[in-house]
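J.: Take a look at the following structure, please.
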Amino acid sequence: MDSVTLDVLDLRLLHALQLDGRAPFSKIADVLGVSDRTVARRFGRLRSAGIARVAGVPDSRRTGHAEWLVRLRGLPSATAPLARALARRPDTAWVTVLSSGTEIVCIFRVAEEGAAPLDGLGRLPQITQIDAQRLLRPVMDHRWIGRTSALTEEQITALRPPPAADVSPVRLTELDRRLLPVLAADGRAAYSNLAQQVGWSESAVRRRLEELRRTGVLQLDVEVAPRLFGFSAQCLAWLTVTPAQLGSVAQALAADPEAAFVGTTTGIYNLIVIAICRDANALHAYLTDRISCLNGVDRMETAMVTSYTKRTAPLP
């Protein structure tokens, strides 16, 4: 991954896929002013190098799943295998190693608003401390701008699909339960390949996938390491915010270019922020000159991201 440098066309292609992960290469090529073959070749290079892949993930709020933010502290020697084991679980949505391997933070998706599955984790001798808090609501309605700033407004308008037509809860069908794991592994899989893997007709798969996208149940994300955009410092910040000012602080941080995720949680820390900065000096400035100065922020705990084991979808 480190041997590949992103050029202007790569950045524009990745931005285009963030807007619409299943946009035909012909459409992207037309907007970018290059050939279909060039776009297909560029994406194939990025994907084969392990730099980028499109993953399809369901919106937990639409499918009735609870999201639990679980923080595990333990022995550094056990962190890597434990993180890999967590990443292989179908109920984890995000697994990251923090603080040079002394802790892991992951998100569990639990059906029917259930509790976090902690029984098995609590019996592991290498884990010394567990904390679980409910992730209540993501505040940001956009991607981290570090990877979505390569296109013009005109190009964005041409590529962005229409907004979701419905926001009510949905009940997943048997086809959905077969289709979603396949889309998690490859959000750009052809309809014929999807049909073959789920054992359904291609026309049925096409109709259902388009419906899941139209209603906003299925979200497509492009997984790319921020360091390829020139950002080397990533940090999780847990904030305790005065309840009366929680909404205003969350919205203020969500508008920051450093913010990759902002969400409200239960617990003594009622707001979590993932910050991405150019380097440690820039991160220091963001924490001290921006977050700490916001009216209503009473307490802050931070931890540097060491590595990501699982970003949004299962390991390929």
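The values are calculated or read from the model by the stated rules, or taken from the named source; none is laboratory data. This is a predicted model, so every value here is computed, not measured. Quick reminder, even Gly has a Cβ in these numbers, built from the backbone with ideal geometry, and neighbours come from all protein chains shown. Only protein heavy atoms, including side chains, enter the accessible area calculation; ligands, DNA and RNA are left aside. Shrake-Rupley method; radii C 1.70, N 1.55, O 1.52, S 1.80 Å.
J.: Given the condition open to solvent by 50 Å² or more (accessible area, probe 1.4 Å), in contact with a strand residue (DSSP E or B) (Cβ under 9 Å, 6 or more places away or on another chain), at pLDDT below 95 and within 30 Å of ALA80 (Cβ to Cβ), answer yes or no: does some residue in the range 144-165 qualify?
T.: no
J.: Now, a different point. Could you go through the range 283-299 and let me know if any residue there is of a type in the set (D, E, K, R) and in contact with a Ser or Thr (Cβ under 9 Å, 6 or more places away or on another chain). I'd like the intermediate steps shown before the answer.
T.: From the range 283-299, those of a type in the set (D, E, K, R) are 289-290, 298-299; that's our starting set.
When the remaining residues are screened for being in contact with a Ser or Thr (Cβ under 9 Å, 6 or more places away or on another chain), the result is 298-299.
The answer is yes; a qualifying residue exists.
J.: Within the range 1-40, how many residues turn out to be small (Gly, Ala, Ser) and touching a Gly at 6+ places or on another chain (Cβ under 9 Å)? Please lay out each step first, then the result.
T.: Of the residues in the range 1-40, the ones small (Gly, Ala, Ser) are 3, 16, 21, 23, 26, 29, 33, 35, 40.
Now narrow it down to the ones that are touching a Gly at 6+ places or on another chain (Cβ under 9 Å): 21.
Number of matching residues: 1.
J.: Among the numbered criteria (1) in contact (Cβ under 8 Å) with a residue 12 or more places away in the chain; (2) over 25 Å from ALA116 (Cβ atoms), which one does ALA255 miss?
T.: The one condition ALA255 does not meet is (1).
J.: In the range 100-138, what residues are exposed (fewer than 15 other Cβ atoms within 10 Å of the Cβ), among the basic types (Lys, Arg) and touching a residue at least 60 places away in the same chain (Cβ under 8 Å)?
T.: Result: ARG137, single match.
J.: Out of the range 122-177, which residues are closer than 28 Å to CYS106 by Cβ, among the small types (Gly, Ala, Ser) and in a helix (DSSP H, G or I)?
T.: Scanning the range 122-177 gives GLY122, GLY146.
J.: Given the structure, is PRO90 outside any loop (DSSP other than H, G, I, E, B) and under 30 Å from GLY267 (Cβ atoms)? Steps first, please.
T.: On the way: outside any loop (DSSP other than H, G, I, E, B): no; under 30 Å from GLY267 (Cβ atoms): yes.
No; evaluated as a whole, the condition is false for this residue.
J.: Please go through (1) crowded, with 16+ Cβ neighbours inside 10 Å; (2) free of Cβ contacts under 8 Å to residues at least 12 places away in the same chain for PRO81 and return the number of the only condition it doesn't satisfy.
T.: It fails just one condition, (1).
J.: Let me ask something additional. Counting only residues that are out of contact with any Pro (no Cβ under 8 Å at 6 or more places or on another chain) and under 20 Å from THR266 (Cβ atoms), how many does the range 62-87 have? Outline the logic, then answer.
T.: Of the range 62-87, the ones out of contact with any Pro (no Cβ under 8 Å at 6 or more places or on another chain) are 66-86.
Still in the list and also under 20 Å from THR266 (Cβ atoms): 66-73.
The qualifying residues number 8.
J.: Please count how many residues of the range 258-304 are farther than 17 Å from VAL139 by Cβ, in a strand (DSSP E or B) and open to solvent by 20 Å² or more (accessible area, probe 1.4 Å).
T.: Final tally of qualifying residues: 5.
J.: Given (1) touching a residue at least 40 places away in the same chain (Cβ under 8 Å); (2) in a helix (DSSP H, G or I); (3) within 19 Å of ARG160 (Cβ to Cβ), identify the lone condition not met by VAL54.
T.: So the condition that VAL54 fails would be (2).
J.: Okay, next question. Being without any contact (Cβ under 8 Å) to a residue 40 or more places away in the chain and within 20 Å of LYS310 (Cβ to Cβ) is the filter here, so list the residues in the range 180-205 that pass it.
T.: First, the residues of the range 180-205 that are without any contact (Cβ under 8 Å) to a residue 40 or more places away in the chain: 182, 189-205.
Of everything in the range 180-205, those that are without any contact (Cβ under 8 Å) to a residue 40 or more places away in the chain and within 20 Å of LYS310 (Cβ to Cβ) turn out to be VAL182, ALA189.
J.: Just one of the numbered conditions (1) out of contact with any helix residue (DSSP H, G or I) (no Cβ under 9 Å at 6 or more places or on another chain); (2) open to solvent by 20 Å² or more (accessible area, probe 1.4 Å); (3) not hydroxyl-bearing (Ser, Thr, Tyr) is not true of GLY230; which one?
T.: (1)
J.: Which numbered condition in (1) modelled with pLDDT of 95 or more; (2) open to solvent by 30 Å² or more (accessible area, probe 1.4 Å) is the only one that LEU315 fails?
T.: Looking at each condition in turn, LEU315 falls short on (1).
J.: Among what's in the range 235-249 and is closer than 21 Å to VAL70 by Cβ and out of contact with any Cys (no Cβ under 8 Å at 6 or more places or on another chain), pick the residue that is surrounded by the fewest Cβ atoms within 10 Å (Cβ to Cβ). Show your work before the answer.
T.: As a first pass, look at the range 235-249 and keep what is closer than 21 Å to VAL70 by Cβ: 235-240.
Narrowing the set further to residues that are out of contact with any Cys (no Cβ under 8 Å at 6 or more places or on another chain) leaves 236-240.
Values: LEU236: 21, ALA237: 22, TRP238: 22, LEU239: 25, THR240: 17.
It comes out as THR240.
J.: Of all residues in the range 24-51, which are open to solvent by 30 Å² or more (accessible area, probe 1.4 Å), assigned to a helix (DSSP H, G or I) and of a type in the set (A, V, I, L, M)?
T.: Selection gives VAL31, ALA40.
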